[in-house]
Number of protein chains: 2
Amino acid sequence: MRKTEQRSAILRELQKRKDHPTAYDIYHTVRCSMPNISLGTVYRNLEYLAGKGMIRKIDSAGGKKRFDPNTQDHPHFHCLECDRVEDIPAATMPCVPDAGNDWPEGRIILGINLEYVGLCSSCAGRKTAVGHEGD
Amino acid sequence: MRKTEQRSAILRELQKRKDHPTAYDIYHTVRCSMPNISLGTVYRNLEYLAGKGMIRKIDSAGGKKRFDPNTQDHPHFHCLECDRVEDIPAATMPCVPDAGNDWPEGRIILGINLEYVGLCSSCAGRKTAVGHEGD
DNA sequence: TTCTATGCAAATTATTTGCAAACTA
DNA sequence: TAGTTTGCAAATAATTTGCATAGAA
């Protein structure tokens, strides 16, 4: 593992964000201070860092992969309206039957992804407050 | 909504499977009895049926979308080794705080996706039974 | 110097879309 | 007949990969 400006910049950028950026999002931002960085490098580093367990890759609904600087198991919330992904406090994680150990039928659970889908507060407010059901 | 042979065949095929096929998997199978069906038709119908709530689309880890004839909220298990997706009885679903209603910070929860990742029984057995950690 | 990481572009993979023809109601 | 659905192929979108060169140890 070599320490490169690119890798540091990518990690630093991800860590300062609370939204859950895609590789392209990171690329787009890091590019401001590092105009020559390539999308491929961003993808490679994000993948690398996730492999090292320094960040977490989340497969949220919607196709694209997103990244999270928080490597601890915690739920996410995906808004169907604005497509944003928010964090949900880990306290609401399911009552996992022996995560990390054997489990029903001999499986070995290594991780959990819990995603709630629905409408975020802004989008929900916009729909229920006034009563415009008809969108 | 018009009833076409293709749509029926796709739905029928999905309903008879317990694995969680991708659009291509369905296409590949349905093709045996309906050689001219196109991938586009499979994608369109799967999307259509999911929209109608007749089947469920699941965004599992790994990039491709998979489909499930069971529309009820229930957990899935994704094997990191063989990439298979299995069903987990709904009984192990998390203790959801008012799913379907408002929730922390004004969100409205419409659905839940719970995915456990790890090693399925076969893959787990292969790794722990003999003690071949190296691989 | 040695070998990893980068930039760039081409290559893949998954999914979507346009359009004329086929088919259902 | 009227309007939906299909097949085919081209178009997108997201991600990966090959390769020569720049850069870190």
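The values are calculated or read from the model by the stated rules, or taken from the named source; none is laboratory data. All figures in this text were calculated on a predicted structure; none of them were measured in a lab. Note: ideal-geometry Cβ built from the backbone for every residue, glycine included; neighbour counts use all protein chains shown.
Computed quantities for the displayed model
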read-out	value
In region A:57-89, residue nearest to DNA strand C (Cβ to nearest atom) [restricted to those that are closer than 21 Å to B:P75 by Cα, assigned to a loop (DSSP other than H, G, I, E, B) and among the acidic types (D, E)]	A:D59
For A:I37: the one exception among (1) farther than 30 Å from B:C120 by Cβ; (2) modelled with pLDDT under 95; (3) of a type in the set (A, V, I, L, M)	(2)
Complete set of residues in region B:29-43 that are within 6 Å of DNA strand D (Cβ to nearest atom), in contact (Cβ under 8 Å) with a residue 24 or more places away in the chain and not in a loop (DSSP other than H, G, I, E, B)	B:T41
Of all residues making up region A:24-40, the number that are surrounded by 18 or more Cβ atoms within 10 Å (Cβ to Cβ) and near DNA strand C (Cβ under 9 Å from one of its atoms)	1
Test set (1) surrounded by 16 or more Cβ atoms within 10 Å (Cβ to Cβ); (2) without any contact (Cβ under 8 Å) to a residue 24 or more places away in the chain - A:R66 fails condition number	(2)
Number of the exception - A:Y48 against (1) in a helix (DSSP H, G or I); (2) away from DNA strand D (no atom under 12 Å from the Cβ); (3) over 23 Å from A:H78 (Cβ atoms)	(2)
Selection from region B:118-128 of residues that are at the interface with chain A (Cβ under 10 Å from one of its Cβ atoms) and at pLDDT below 85	B:A124, B:G125, B:K127, B:T128
The listed residue being within 15 Å of DNA strand D (Cβ to nearest atom) and either among the basic types (K, R) or in the same structural domain as B:C123 (by TED's automatic domain parsing) (or both), out of B:L80, B:L14	B:L80
B:G106, sole failed condition from (1) under 18 Å from A:H78 (Cα atoms); (2) at pLDDT below 80; (3) over 11 Å from the mean Cα position of the chain (by Cα)	(2)
